[in-house]
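Accompanying notes for the structure given below.
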Amino acid sequence: MTNPWRGALLAMASALACGPAFAATPAPARTEITTEGAREDLELAISAVEAALPDLYWRQSRRQWATAKAAARTRVAGVTNSESLWRILRPLVGQIGEGHLGVQLSEAMSQHYRDAPRFPLDLLWTEQGAFVLAGYGEAADVPRGARLISVDGVGAADLLSEMVAVTPHDGAIRTGTMRDISGRGFASILYRLRGPQSRFQVVLEGAEGRTERDLAAVSRLARPAEVDDPSPLPMLEWLDDHTAYLNVPTFSNARLRAVGATFPEAIQAVFAQLDQRGAKNLILDLRENGGGSEPNESILFSYLVETPLRKYAAVEARGRHLAVTSLNGQRFETDVFDAGDRDQQRPIPGGRWTRRNTPPHGLMSRWTSFAPIFHGRLVVLAGGDTFSGGAELASMLRHTGRAVFVGEEVGGADDGNTSGYRWTVRLPNSGMKLAIPLLQFRMAWSSRPPGRGVLPDCPAPPEALHFGERRDRAWRIAATLFQQDWSLPRQAVCPEG
């Protein structure tokens, strides 16, 4: 259960944007589209999500969806290209509040971005505001940590709201969007929202007060190339004789297979070492963990909590087979379940299907015993990039009272998500692809307020001056907590400052 679209959200701003400068120049990509073609794509997208999502009204009301559809249908009359259709379609599906629901650009749209100048600042976004991480071109002298006040007269708070509307997110959670648009992500999404610009009127605030800058856009070559993906392996570091730090960056079987590893073997080796050396305190870092493959989150949970947990109330699909037809009569259809998974499902009223509570997955955290179990004190670092399976693990640990949480609101909803199998529908006129998650994973507990992520016991959002550092303020708070005398998480006291 991972979200390829949150990762793909920044693909334009990284791999595509940093392609070799010496490559042959392709013919200009064309993204023109007729109003009739735009309307067909929009109606196909609406039909597909209404047919496929297990619960279209989990994060929104029927009235909100009807209002959003009506507004989109009115706006489509002015569409002349795929980019303007994206500016209608992406907020429409964002209204649904399912973070695994994605809209992928066509190759022509991506080529437009590769060739376009872009906003010259990299930013860190938090609930406290937006702060400069780096500047390029005419913005190279902007100091790190300066606060962004506005861009072209639009304040930072309104800019963030615009970004949330067009980025994948669960429910009403904003921290996932904040992580997505931090770094070079803001420049990418700003281009999608506005199209190419040559200059930007920027207001900043620093040690010397507010300044207004007229900054030129920069080419893709102005930014350094993205670094390679970090190792997907769990990383254990000993801080003292009894305290360890464990970073688990992913639950993805594919990423682990690429380095010749499996999650069960890698995590078992970690807990064997913790047991052998007598660990009493553990910092578990989930801040990079956007999920991956079921049931790896449950495997890790089972090394931390001895009693099996009924974690899902239900795992449901809209049906076994889905089909819709476009305005021009083209049929789009898919089977929901893999052949090996069909016997794990049973029908329920309304044509829906639900998972049986039987091995190997079912609705439980585990069906077999795990050893060794870590019974010591646990502090979890989590934030906006903690999503999907990573967010499920955070919820499981929260609702068993197992850990103290440090960081920011988890990017995935505490009460569950819609993920698992996906149906990818290529919109025939624009070439965009709609990726629809097909399984609703409802956790076995309710959340108040609904549609929000696990909240930190000790808030510690990222800071611009220490962004990218593993031993940042959240890490230091976690280490400090172990200096206190507590056995139950609720007894820990967050340090001041």
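Tell me, what % of the accessible area of the chain is carbon and sulfur with a 1.4 angstrom probe?
Of the solvent-accessible surface of the chain, carbon and sulfur hold 50 percent.
Over region 67-127, give the accessible area per residue in Å² for a 1.4 Å probe, as an integer.
I get 30 Å² per residue for region 67-127.
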- Amide H proximity to E98 below 5 Å, modelled H, separation 5+ or other chain, gives H169, G171
- Message: How are the alpha carbon pair distances in region 197-253 distributed across 10 Å bins from zero to the largest one, expressed in percent?
- Response: 16, 21, 19, 21, 21, 2
- Kindly report, to the nearest 10 Å², the accessible surface of H321 as traced by a 1.4 Å probe over protein heavy atoms only. 90
- Mean Cβ-within-10 Å packing, highest first, puts peptides 304-312, 112-120, 202-210 in the order 112-120, 304-312, 202-210
- For the chain, the Cα gyration tensor yields equivalent-ellipsoid semi-axes (√(5λ), largest first, whole Å) of 36, 31, 19
- Item | Interatomic Cα distance distribution for region 170-286, bins of 5 angstrom, percent | 2, 8, 12, 13, 12, 12, 11, 10, 8, 7, 4, 1
- Accessible solvent surface per residue of region 324-377, calculated while the other protein chains remain in place, 1.4 angstrom probe, Å²: 59
- Message: Run the simple label-point estimate for A116 and R63 please: 7 Å along Cα→C-beta, distance reported in nm.
- Response: 3.6
- Please give the per residue accessible area of region 200-239, computed with a probe of 1.4 Å over protein heavy atoms only, in Å². 64
- Task: Would you kindly derive the ³J(HN,Hα) couplings of region 97-107 from the backbone phi angles with the Karplus curve 6.51 cos²θ - 1.76 cosθ + 1.60 (θ = phi - 60°), listing them in order in whole Hz, with x for Gly and Pro?
- Result: x, 10, x, 8, 8, x, 10, 9, 5, 6, 4
- Query: Which Cα, out of V270, N429, I299, lies furthest along the positive dipole direction of the chain (beta carbon charges, K/R +1, D/E -1)?
  - Reply: N429
- Item | Spin-label model distance (nm) - A371 vs E107, 7 Å beyond Cα toward Cβ | 5.6
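The values are calculated or read from the model by the stated rules, or taken from the named source; none is laboratory data. Predicted, not measured: the structure shown is a model, and the values here were computed from it. Quick reminder, even Gly has a Cβ in these numbers, built from the backbone with ideal geometry, and neighbours come from all protein chains shown. These accessible areas exclude ligands, DNA and RNA; they are computed on the full protein's heavy atoms, side chains included. Shrake-Rupley method; radii C 1.70, N 1.55, O 1.52, S 1.80 Å.
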